[in-house]
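Remarks on the structure that follows.
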Amino acid sequence: MDVEFGSMFPALDENVVQAVVLACSGNVDAALSILLAYASEKESSSGANDAGEGAVVFLVEMFPDTDIHLIKALSKINEDDTDHTVGFLMEFKNQLDSLGGPARKPGQLTKVDKQAAIEAQFQKYASIPIPGAAPPTVINESSVINSEGVTQLLSDMKIAPDSLSALIFAWQMGEKTMGIITHNEFVEGMQHLGCSSPEEARKKLEELQVVIKNNRQKFSDLYQYAFNFCKDTEVSTVIDVSMAIPMWEIIMTCRPNLRYHTSKLIEFLRQNKAVKAINRDQWLTWPEFAQAIPQNYDGYDSSQPWPLLFDDYVSWVRSPPACTPPDTGMSSDS
């Protein structure tokens, strides 16, 4: 946080940076000492520190609502108002005590700490440039974690990009564009997970995998998200077969009872080049079909309101096309 804060406001006195970091981590007594010394020095100089105004804006964005006392304290430093600075910091300390509680365990993060940690993680991964491009000079709420940053984030979580855990993570982030995580998506997603680090997120994703495997509604929610995640554009109503096949292979790892039909469907799609895309109805009804139809297809009724693609699939399974001998390049009379 200290590196992040100082880099965003290089003109801000390093004592103020240190004090803000200490205050945000709950060490308000040390922050008070530093700020009192800084305020005394500033009284002997003329003019206000313009960077203090930028720091106030930064804190408003990072610590909304509950931490208004800290924001006011910093603004009062900018106005050379030592008495009010100390008063607001004392109120901030009381606020922290009420949030963390006297029985807070050593190392346990307060709400303020977690928010700061999440913001620091976003700064870290949003700073990773695309190969060949210069690193971003400023990271703010309009910044995004690009594909390189997402790849590094998954690596830090020890998660393969083509794994079920990676899909669950994107789902929990509310990731709308594959390979891109916005500031709001990351912050709100990590808050929803209750995590502030890649290590914590990995443990939470492991727990969610168990839940999804045993909870039909959670699986359904993830399955519906996967379709939207694979779309080329937000208004698209289909996904390309080249996207549908690997997504089915990933998501069906948590539904063993659906794997038989799904693996056969994938084989059918790979052989039937005429099928270019999967529409929403086909995608959403596939789990129901794979659950309802026996592996020997006894009792399958093509008059039932299944998508036509499923009828074609069953016909293919029952009467697979004859294999064409490979071309050896030799004539029949050679």
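The values are calculated or read from the model by the stated rules, or taken from the named source; none is laboratory data. Please read all numbers here as calculations on a predicted model, not as lab measurements. Every residue, glycine among them, receives a Cβ derived from its backbone with ideal geometry; neighbour counts consider all protein chains shown. Ligands, DNA and RNA are stripped out before the accessible areas are found, and what is left, the full protein with its side chains, is counted by its heavy atoms. Shrake-Rupley method; radii C 1.70, N 1.55, O 1.52, S 1.80 Å.
Worth a mention:
- Ala166 meets the stated requirement of being hydrophobic (A, V, I, L, M, F, W, C) and either touching a helix residue (DSSP H, G or I) at 6+ places or on another chain (Cβ under 6 Å) or part of a loop (DSSP other than H, G, I, E, B) (or both).
- Scanning segment 203-217 for residues that are farther than 12 Å from Ile251 by Cα and open to solvent by 90 Å² or more (accessible area, probe 1.4 Å) turns up Lys203, Glu207, Asn214, Arg216, Gln217.
- Filter result (aliphatic (A, V, I, L, M) and either open to solvent by 10 Å² or more (accessible area, probe 1.4 Å) or farther than 18 Å from Glu141 by Cβ (or both)) within segment 188-202: Leu193, Ala201
- Matching residues, segment 209-261, being assigned to a helix (DSSP H, G or I), among the β-branched types (Val, Ile, Thr) and at pLDDT 95 or above: Val241, Ile245, Ile250, Ile251
- Filtered by the rule that a residue be open to solvent by 60 Å² or more (accessible area, probe 1.4 Å) and out of contact with any His (no Cβ under 8 Å at 6 or more places or on another chain), segment 135-167 gives Pro135, Thr137, Val138, Glu148, Thr151, Gln152, Ser155, Lys158, Pro161, Asp162.
- Output for segment 293-314, where each listed residue is at pLDDT below 90 and either outside any loop (DSSP other than H, G, I, E, B) or in contact with a Cys (Cβ under 9 Å, 6 or more places away or on another chain) (or both): none
- Residue list for segment 258-285, restricted to those being without any contact (Cβ under 8 Å) to a residue 12 or more places away in the chain and not hydrophobic (A, V, I, L, M, F, W, C): Arg259, Ser263, Glu267, Lys273
- Test: residue in segment 173-182 that is within 29 Å of Met243 (Cα to Cα), crowded, with 20+ Cβ neighbours inside 10 Å, hydroxyl-bearing (Ser, Thr, Tyr) and within 13 Å of the chain's Cα centre (by Cα): yes
- Close pairs (7 angstrom Cβ cut-off, 6 or more residues apart or separate chains): touching a residue at least 24 places away in the same chain (Cβ under 8 Å) in segment 183-202, of a type in the set (D, E, K, R) and open to solvent by less than 50 Å² (accessible area, probe 1.4 Å) anywhere: Pro198/Asp156
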